[in-house]
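Encoded as structure tokens, the structure appears first; notes follow it.
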Amino acid sequence: MTSPDTSRPLGAGGPLVSRLCLGTSSWSHARVGNGPVPALEEVLGIPAGAPGRISFLDTSNEYGGGNSEVVIGTALAGRPGDIVLQTKLDRDPVTGDFGGERMRRSLAESLDRLGIASIPLLYLHDPELISYDEALAVDGPVAALVAMKESGVAERIGISGGPAPMLRHYVGTGLFDAVITHNRLTLVDRSSAELVAEASGRGMAVLNAAVFGGGALANWPQPATRYAYGQAHPATTDAVRLMGEACARSGVPLAAAAIQFSSRHPDVTSTVIGATSSAHIRDAIAADLLDIPASLWEELETLVPPSSAWKEPPTSTWPPAS
């Protein structure tokens, strides 16, 4: 892999964003309170032009029950600069309602917490929780999201979810400017490879999240017993171990290879890295800037587990076959 530019456009004609994006899904009130959050303070304190500077923030209406948006809005209030924000429309936390009216309330809540009148990029979040027909209904969430873009309150719109085959259905509509995939474009899982290639080919921004697979690739040499949100496939466990050993022989942390696999991928616009501490940010930037020899990348590719161990092998469909 070759080192890319330090920033990339957020889709065709979009603003420039850093190749690392600060993710806030772990910012629960119990964990970070009402802020300031050290990770965010670290990001905002990095001067423009500094190597590896992060200028892109990812949040959601539901993260921390809205707390992450409150913390971000407070930190950015009255602050000039080039920080780019993206957030997500979420279902009602009590009823699970995904209807158009709920989406409009979700946006209003987010804009109020963030203290802004419009958002650069707005996603529909976790559409796998409803059917495709429900999502595309006349007053469903997709129609509401498209209307938000047409009114100018969202400059660009995207789709964010889990199963790669499902996301390809949404990408295929041509309605979206961006897509977020998670846990499925990593050193040990390539479920989203076709999705990412298709989205990039359409000129969409591609955000890749959870590149550690829920910690499996960050905690080596601790055995990887879990991947993403479930038990790790034995082939995945073996691959993490073998990749960790290969990285150790080259003097490269496995976590650094996991980050750079995504951040230097030609079709990935930005890589979402969850963080709460200043150390998390400093470590992620250092990992992204580390020089990794081509020979190690070549060896790691020989250790990728078979597709049967991935979250969704290439033959997967959506909805899943019964």
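The values are calculated or read from the model by the stated rules, or taken from the named source; none is laboratory data. Because the structure is predicted, anything quoted here is derived from the model rather than measured. In this analysis, Cβ positions are derived from the backbone assuming ideal geometry, glycine residues included, and neighbour counts consider all displayed protein chains. Heads up: the accessible areas ignore ligands, DNA and RNA and are worked out on the full protein's heavy atoms, side chains in. Shrake-Rupley method; radii C 1.70, N 1.55, O 1.52, S 1.80 Å.
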Worksheet item: Pulled fully out, how much extra length does the chain show between Arg226 and Arg105, if you take 0.36 nm times their separation in residues and subtract their Cα-Cα distance?
Response: 40.0 nm
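For the range 37-97, what is the accessible area per residue in Å² when the probe is 1.4 Å? Walk me through the numbers before you get to the answer.
Numbers: 2360 Å² over 61 residues.
Accessible surface, normalised per residue, equals 39 Å².
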Fill in: Accessible area of the range 170-322 divided out per residue, in Å², using a probe of 1.4 angstrom
41
Fill in: Cut-off 18 Å, label 7 Å out along Cα→Cβ of Asp82, residues of the range 123-155 by amide N
none
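Go ahead and run the numbers for FRET between Arg31 and Asp92, Cβ-Cβ distance against an R0 of 22 Å, rounding to 0.05.
Between Arg31 and Asp92 the formula returns 0.40.
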Worksheet item: Which of rounded, prolate, oblate describes the range 201-264, given a ≥ b ≥ c as roots of the alpha-carbon gyration tensor eigenvalues and a/c under 1.5 marking rounded, otherwise prolate only if a/b is larger than b/c?
Response: oblate
Worksheet, complete the sentence: With 0.36 nm assigned to each residue of separation and the Cα-Cα distance removed, Trp297 to Asp139 gains 52.2 nm
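Going by accessible area, probe 1.4 Å, with all protein chains left in place, what is the ranking of Trp297, Trp310, Trp318, largest first? Display every interim value, and only then the final one.
Working: Trp297 25, Trp310 45, Trp318 65 Å².
Greatest to least solvent exposure: Trp318, Trp310, Trp297.
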Discussion item. Need one number: % antiparallel among DSSP beta bridges in the chain, to the nearest 5.
Written reply: 15
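Per-residue counts of other Cβ atoms within 10 Å, averaged by peptide: what ranking do you get for 136-147, 93-104, 208-219, highest first?
Numbers: 136-147: 17.7, 93-104: 15.7, 208-219: 22.9.
With the highest mean Cβ count within 10 Å placed first, the list reads 208-219, 136-147, 93-104.
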Fill in: Globularity index of the range 1-82, i.e. its alpha-carbon radius of gyration over 2.2 N^0.38 Å
1.18
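Computing the accessible area with a 1.4 Å probe over protein heavy atoms, can you report the carbon and sulfur percentage for the chain? Could you put the intermediate results ahead of the total?
Details: 7280 of 13340 Å².
Summing carbon and sulfur atoms, their accessible area is 55 percent of the total for the chain.
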Worksheet item: With every protein chain left in place, what is the accessible area of Glu41 in Å² (1.4 Å probe, nearest 10)?
Response: 90
Worksheet item: When only alpha-carbon atoms count, how far does the range 60-162 stretch along each of its three principal axes, as whole angstroms with the largest first?
Response: 42, 28, 23
Worksheet item: Expressed as a whole number of Å, what is the distance separating the alpha-carbon centroids of the range 102-131 and the range 205-238?
Response: 29
Worksheet item: Principal axis lengths of the range 132-284 from Cα atoms, whole Å, largest first?
Response: 54, 32, 28
